[in-house]
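Colleague: Mind having a look at this structure? Questions to follow.
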Amino acid sequence: MKNIALWPNQKKDHDFAVSIRVAEILHQYGAELKVRSSDMPKAPQYVRQCETLDELLEGTELTVVIGGDGTILSAAKPCSKRDIPILGVNMGKVGYMSGVELGELELLKKLFEGDYSCEKRMMLDVSINGGLAETALNDVVVCHQIQKKMLSLSLSENGRSLGTFRADGIIISTPTGSTAYSLSAGGPVMDPGLELILSVPICAHSLGARPIVFGRDSELCIDETDAVASVYVDGKYFSNFDSRSKLTIRASNTCAKLVVLHDRQFYSAVKNYFSM
């Protein structure tokens, strides 16, 4: 592991103390480091400053993300397109996708000893009317633009209608995203190593509208909204959505690769993080 990109989150690491400590450790083991100047204006001299995302990720073997799960979600799409693994250093409240905690930075040496594992995480391709497109690691959410308003939603799988229902919205989630918004809406916890697609209505006004788990080969379509809705991909606004729109969601051909530096047991992590 030689060429490493740093992806710090200044909202979490206000004075870059953690980012600099991570850089010091990686530099100590001979890593060539780089960072976007907009992410870390005052980087150590041995860290090369990059102006663009393309420059940052060109030739990169690993991206080390310093922040929380939200920061990892930001890095996931550009890194997955280039097949670059991500190691998350957790500075968030949960850090469910992170590979190392703040008190474990000494484990970074394992990167140079080859003593680590890489988890592949399924992603979703999202498009509206066959055009505007995005990729999600966690989830796709359709909800009313006005809070506390309901939508009429029609869901189909591989061209077969599964019915129309009224709800506050709908979440289409990956197994990784099953422990995020989907869990709060009553969806099941799924092992992130699985390749499945989860549909979870949000506060549905129907006894028959329940979470459904689909196979990887399923293509889901959502339409029939009776009002203007908003579509969010991994928590970020993506597009408006109305009765003339068709939202299509399918498994992506790309996947996120998350590096783990210790033996992490999924269900133990769920118990610890969510106090089950």
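Colleague: Say each of Gln45 and Arg82 gets a label point 7 Å from the Cα, pointing the same way as Cα to Cβ; how far apart are those two points in nm?
Modeller: Calculated label separation equals 2.7 nm.
Colleague: Taking 22 Å as R0, compute the FRET efficiency from the Cβ-Cβ separation of Gln10 and Ser127 and round it to 0.05.
Modeller: Between Gln10 and Ser127 the formula returns 0.10.
Colleague: Given the Cα atoms of the range 55-114, and with Rh set as the inverse mean 1/r over their pairs in the Kirkwood sense, what is Rg to Rh to two decimals?
Modeller: Ratio of gyration radius to Kirkwood radius for the range 55-114: 0.97.
Colleague: Still on this model: Going from the alpha-carbon gyration tensor of the chain, what semi-axes, largest first and in whole Å, does one get by taking the root of 5 times each eigenvalue?
Modeller: 37, 19, 16
Colleague: Rg and Dmax in Å for the range 81-160, alpha carbons only: what are they?
Modeller: In order Rg, Dmax, the Cα atoms of the range 81-160 give 19.1, 54 Å.
Colleague: Number of Lys-Lys pairs in the range 50-150 under 27 Å by Cα, sequence gap 8 or more or different chains?
Modeller: Here the count comes out as 12.
Colleague: While we're here: Express the accessible area of the chain per residue in Å², computed with a 1.4 Å probe while the remaining protein chains stay in the model.
Modeller: Result: 47 Å² per residue.
Colleague: Carbon-plus-sulfur fraction of the accessible area of the range 123-276, 1.4 Å probe, in percent?
Modeller: Summing carbon and sulfur atoms, their accessible area is 49 percent of the total for the range 123-276.
Colleague: What angle, in degrees between 0 and 90 and rounded to the nearest 10, separates the Cα long axis of helix 69-81 from the longest principal axis of the Cα atoms of the chain?
Modeller: The helix 69-81 is inclined about 90 degrees to the chain.
Colleague: Would you mind checking the tilt of helix 17-28 against the longest principal axis of the Cα atoms of the chain, expressed as 0 to 90 degrees and rounded to 10?
Modeller: 60 degrees
Colleague: Between the range 62-109 and the range 10-56, what is the C-alpha centre distance in whole Å?
Modeller: Cα centres, the range 62-109 to the range 10-56: 14 Å.
Colleague: Work out, in µm²/s and without decimals, the Stokes-Einstein translational diffusion coefficient of the range 59-205 at 4 °C, 1.567 mPa s, Rh from Kirkwood over C-alpha pairs. All intermediate terms of the calculation are to be shown ahead of the outcome.
Modeller: Values: Rh = 17.2 Å.
So the translational diffusion coefficient is about 76 µm²/s.
Colleague: Sticking with this one: With a point put 7 Å past each Cα toward its Cβ, work out how far Tyr237 is from Glu32 in nm, to one decimal.
Modeller: 4.1 nm
Colleague: Explain nothing, just the number: relative contact order of the chain, from Cα pairs under 8 Å at least 6 residues apart, as a whole percent.
Modeller: 19 percent.
The values are calculated or read from the model by the stated rules, or taken from the named source; none is laboratory data. All values derive from a computational prediction rather than experimental measurement. Reconstructed Cβ throughout: ideal geometry from the backbone, glycine too, with neighbour counts over all protein chains shown. Ligands, DNA and RNA are excluded from the accessible area calculation, which covers all protein heavy atoms including side chains. Shrake-Rupley method; radii C 1.70, N 1.55, O 1.52, S 1.80 Å.
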